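Below is one structure; the comments refer to it alone.
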Amino acid sequence: MKHFLYLIFLFSNLAYSQVNKPQHDPPIVINSYTEVLAYDICTNSVAVADAVSYNAGDTVLLIQMMGAVIDTSNTSAFGTIIDYRNAGNYEMNYVASVSGNSIALRNKLTRSYDIPEGRVQLIRVPFIKVTNYVGEFTCMPWDGSKGGVLVLNCDTVDLKDDIDVSARGFRRAMQDVSSSVSCSENNYTYPSTDIRAAFKGEGIAGLSSYISKGKGSPANGGGGGLSNNSGGGGGGNAGMGGSGGYQCDTCLNAPFDNRGLGAKTLAYSSSANKIFMGGGGGAGHAANLSSPAPYEGTGGGIALIIANYIRSGSLKILANGGEGITCNAPGCNDGMYGGGAGGTVVLFVANILDSLYVETKGGAGANVTSQVIPGGRVGPGGGGGGGLFFLNRSALPGNVTHDASGGANGTVFFDSENPWGATPGTAGVTLLNLPSPWDTVLFKSNIDSVRIKDSAIYCNNIRFTGLAFTNTNPIASWQWYFGDGGTSTLQNPVHSYNAVADYDVKLVVTDMNGCKDSLIKTINSAGPIFADAGADTMYCTHPQKPVVLQGNGTGSYYWIPSAVLNNNTLQNPIAIINSTTKFYLTVSNGTGCSSIDSVTISLRPGPPVQATKTNDLNCNKPFTQLQATGASNYTWLPAYALSNDSIANPVANPAVTTTYYVYGKDTSICAGADSITVIADFKNHGIILPNSFTPNNDGLNDCFGIKYYRDIKELTFIIFNRHGNAVFKTTNPNECWDGNFNGKPANSGSFVYLIKAKTLCGDVSIQDNLMLLR
């Protein structure tokens, strides 16, 4: 009966058999993925395979999945990691702009990448306020160039189902029919066409077709089984994969150790800050194929969670390895698959609100279910190694549990569950002190600007000066094109022209990274003497800006355009301009030679600063909220009665009417300005009445009453005629006198009113005269 139940389990075809739990709703993939084909350091942009899902302002993760260098010799050293290179590097950034399939990143990258051999991908990361989707958050399975990573960026993770990237990582070995019946093959590498060996599992090191089979394990990928019918090794991550079982015991000298070897352990540290998917299990040497579920034997993926709060509700974050493939075909007597390694969970979370359960377990190696004479023994699969849990704490919190156990080895089921040489994977690790994944330094082009200065030594001989302003790396080369076919690679060359004419001179500069910038300037070759119009200068915008030009040279001066100059023949004329203007200076000595230079006076506007207020002031509203927009930094003047004169939205409570001026700056050196007047009217405690009214039914001033009565709590309002008779009396601030007394219109003349009231501002007592006009 036990055997019967086991076979029922083997023949069940569950897409997530390694998870072994029900699905309440379809898994949700929130990320978009694309391969990175190239990186341009000069523009901080990546060329990708498909940018259709990416937009300016998107949050993205850049991560290198592969690219490590391993020993490829056919020895026991095969698969040893020689150099991780940039495999496992990752960082969070933002999209600045998208043009075709080129994506420019806002912040400067801090890490290096091996493109394209490192399988670098760019992952779009939407921001989610609260994760309340009833269904598993997961990722696109790794397809060899993209996927395998879930990045969840949210304020609050409130789990309604597991987060599960199990069996989404490095792929299990490719399955094929290795029908050789030769025994005791024992090499570490075989070519892909050799039927004496099975394929190795996938890991952080790519393999050529010449070494893709054999028992050697490539980094964290499991080794393949050998003829005849030895088992595949388990994949590895932070824990090592277990080895597969021995070859078929019908071979002589059984057991013979030609097992697929378990994968290597990957090195982790907080300082290196690398993360990897779990390695795929190696294939067992097989003659019969079954129909396994697509994720069995595959390593666990990566789950990177960034949040302020996480509440698990007893649910889990899972990045387990897939179990090895068990042959389900009748009479199957094959070597079995190794289990996939556990993946990686990265937790950059400020507050963990309840008990949190994290699993990065290795997948179990596949069992042998056939009955083979004499002992029914062929090689089971090795167990997958445990994965990594990496979190931003100096110690593991008491409410967090991490299970990174290695996967169990497979067994020969009908031989008293004999492991027949197969071994389990080892446990993974918990790593602390996770650094912040965010890039924070705004990218700036290294070459900020290029300038050309030219001066005549004598007629038609020009000395050129090249200027380039850089942020970090120096200029490595200078290339001049003088407009007449001549060139130079000096920074400050001298060039002789054969004719008097205008020439377009081009300077191209290249920095240490190979980034280029250029400038073209039109010069005139005529000029025996030195002419200098001064350096290009920028001023902040001001109506009718007066600027003194700084000419230099020996001879007579002539400036254009002359219309904005007080005298265009002076060495240092005054220019009155209201927009950016380029001036040309010609210096002549009267012998037929002259020199021309130019200077650009730039006027830069400040940001469009605008000031607003929420209200004016009276006894009911003694405070108002000021608000400035349009810039990044603000200064308010005067600082009188302000809560803070250096923020965008100070609170003001002046005792008298005051005009406030605000000056705002952004990244420019220039400031924008605006003003707002706060009216402070505290007289009569907010009770306002006219001194006359005209009850003539014209709809204007027909009734005498209190304005702004909304704050009155108690009221006595009486109007007397000159005889001392009360013509109107009320306690309702909504009522007013319509000019009638005893049902008849009162005569025009003077009346006296008396008001006693309690308001939010205190007690009020007012007595005054009014005129009734008809």
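The values are calculated or read from the model by the stated rules, or taken from the named source; none is laboratory data. Just so you know, these numbers come straight off a predicted model, no measurement behind them. All Cβ positions, even for glycine, are placed from backbone atoms using ideal geometry, and neighbour counts span all protein chains on display. To get the accessible areas, we keep the full protein, side chains included, count just its heavy atoms, and leave off ligands, DNA and RNA. Shrake-Rupley method; radii C 1.70, N 1.55, O 1.52, S 1.80 Å.
Numbers at a glance
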quantity: Between the range 126-141 and the range 656-675, the alpha-carbon center distance in angstrom; calculated: 44
quantity: Within the accessible area of the range 313-457 (1.4 Å probe), percent carbon and sulfur; calculated: 51
quantity: Prolate/oblate/rounded call for the range 387-444, Cα gyration tensor, a/c under 1.5 rounded; calculated: prolate
quantity: Two-decimal Rg to Rh for the range 377-504 - Kirkwood Rh, Cα set; calculated: 1.57
quantity: Nonlocal amide H pairs with residue 404, under 5 Å, H built at 1.01 Å; calculated: 360, 428
quantity: Fraction of accessible area attributable to carbon and sulfur, the range 27-159 (%, probe 1.4 Å); calculated: 51
quantity: Stokes-Einstein D in µm²/s, Kirkwood radius over Cα pairs - the chain at 25 °C with 0.890 mPa s viscosity; calculated: 73
quantity: Length-normalised contact order of the chain in % [C-alpha pairs under 8 Å, at least 6 apart]; calculated: 7
quantity: Residue 149 long-range amide H proximity, modeled H, under 5 Å; calculated: 140, 302
quantity: Order by protection proxy (mean Cβ within 10 Å, highest first), peptides 268-275, 149-156; calculated: 149-156, 268-275
quantity: Note, ³J(HN,Hα) from phi for the range 738-744, Karplus 6.51, -1.76, 1.60, rounded to Hz, x at Gly and Pro; calculated: 8, x, 9, 9, 6, x, 10
quantity: In Hz, Karplus ³J(HN,Hα) per residue of the range 273-281 (6.51, -1.76, 1.60; θ = phi - 60°; x = Gly, Pro); calculated: 6, 10, 9, 9, 6, x, x, x, x
quantity: Along the chain, longest interval not containing exposed GluC sites (Glu not before Pro), exposed being DSSP loop plus at most 14 other Cβ atoms within 10 Å; calculated: 418-774
quantity: In order through the range 220-228: 3J(HN,Hα) via Karplus (6.51 cos²θ - 1.76 cosθ + 1.60), integer Hz, x for Gly, Pro; calculated: 9, x, x, x, x, x, 10, 5, 10
quantity: Simple Cβ-charge dipole of the chain, Lys/Arg +1 and Asp/Glu -1, about Cα centre, in debye nearest 20; calculated: 1260
quantity: Extension reserve of the residue 647-residue 181 stretch, reckoned as 0.36 nm per residue once the Cα distance is removed; calculated: 159.7 nm
quantity: Neighbour cut-off at most 12 other Cβ (10 Å), DSSP loop, trypsin sites (Lys or Arg not before Pro), the range 431-483; calculated: 444
quantity: With every protein chain in place, the range 596-734: carbon and sulfur % of accessible area (1.4 Å); calculated: 50
quantity: Antiparallel content of DSSP bridges confined to the chain, in %, to 5; calculated: 75
quantity: Loop chymotrypsin sites (Phe, Trp or Tyr not before Pro), the range 186-233, which have at most 16 other Cβ atoms in a 10 Å radius of their Cβ (DSSP); calculated: 210
quantity: In degrees, nearest ten, helix 2-11 long axis to first principal axis of the chain (Cα); calculated: 50
quantity: Translational diffusion of the range 20-144, µm² s⁻¹ [Kirkwood Rh, Cα pairs; Stokes-Einstein; 10 °C; 1.306 mPa s]; calculated: 97
quantity: Rel. contact order, % - alpha carbon contacts under 8 angstrom, at least six apart, the range 602-649; calculated: 31
quantity: Packing-based order for 38-48, 476-486, 739-749, using average beta carbon neighbours within 10 Å, highest first; calculated: 38-48, 476-486, 739-749
quantity: Greater than 21 Å apart at Cα, pairs in 613/713; 160/316; 545/582; 713/756; 729/758; calculated: 613/713
quantity: Helix-only [θ]222 nm of the chain, DSSP H runs n ≥ 4, -39500 (n - 2.57) each, per residue, nearest 500; calculated: -500 deg cm²/dmol
quantity: Protection proxy ranking of 65-73, 722-730, 631-639 - average other beta-carbon atoms within 10 Å, highest first; calculated: 65-73, 631-639, 722-730
quantity: Theoretical gain in end-to-end length, residue 703 to residue 129 [0.36 nm per residue, Cα-Cα removed]; calculated: 201.1 nm
quantity: Value in Å of the Kirkwood radius, where the range 585-662 supplies the Cα pairs that are averaged; calculated: 16.0
quantity: Residue-normalised accessible area of the chain, expressed per residue, 1.4 Å probe, Å²; calculated: 43
